[in-house]
Amino acid sequence: MSDATGRPFANTAERSLTDRAGEYLLQSWAVAAAEVQKLIHDPLELVTRAVQPVLWLMLFGEVMARVHGIAPGNLPYIDYLAAGILAQSALFVAIFYGIAAIWERDLGVLQRYLSSPAPRSALVLGKAVSAGVRALSQAVIVYALAILLGVGLSFNPLDMLGVAAVIVIGSALFSTLSLIIACIVKTRERFMGIGQVMTMPIFFASNAIYPVSLMPDWLKAAAHVNPLTYQVDALRSLMLKAATSEYGMAVDFAVLIATTAVLTAIAARMYPRLGY
């Protein structure tokens, strides 16, 4: 069986599916590229975002490094902290991404997005990817600081690609969560309040600055369902020469990817409601 051009129907269907997938990725990238352009035109944002990891690593890290027994094994505390601060920096970039969506609604940009033929999930995915790209700039800052502080980093190319992948996936996860919150609260004032309330519990109920084994039982339970815990675990294993994954890299990536997929699906359904 063949179509009017003589091509088998099966191949036509396969090509159609491939075309749709390619178009979907292009639509997602177009949204991401537009967001990245904003960062290129406002490089001062990179400078201001560098302040927080500098304070955590050079002040908090140097002081707490004098307290022995926090980091597991013989790992220096400043090494242990570096991955946690990188995850924290990416989290803070991503978790307030929803406020940009509210700004877009107020400026009329959201209506143009929603009137385009692109699937809603492609719009959400594009914004998630752009959050990951922004977070990669934080990785450059944290790596530079870590080198200055003598952290035992791994510069294996595969490890560094893994770090980039974890940052992008983790940022996509928290940016879609942020977008869902924005769709619920719909105002900048409410979002800022909720965003500030959320970031600290997510950060402290993780293994970013201390091991899960030191936590009380109720906090351990929270840490084990916190995606940031698995992001930090993967980053620590990939960034440092002397660290290994506590949960296993397969588990870390599975949790991050599955959670991102679920949140993207939810955000795609809720995103149009932000415009009303």
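A short reminder: the numbers here are calculations on the coordinates, not readings from a lab. Treat the numbers as computed from the prediction; the structure is a model and nothing was measured. Cβ placement follows ideal geometry from the backbone for every residue including glycine, while neighbour counts extend to all protein chains displayed.
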Radius of gyration and Dmax over the Cα atoms of segment 153-276, both given in Å: 16.0, 51
Simple Cβ-charge dipole of segment 111-213, Lys/Arg +1 and Asp/Glu -1, about Cα centre, in debye nearest 20: 500
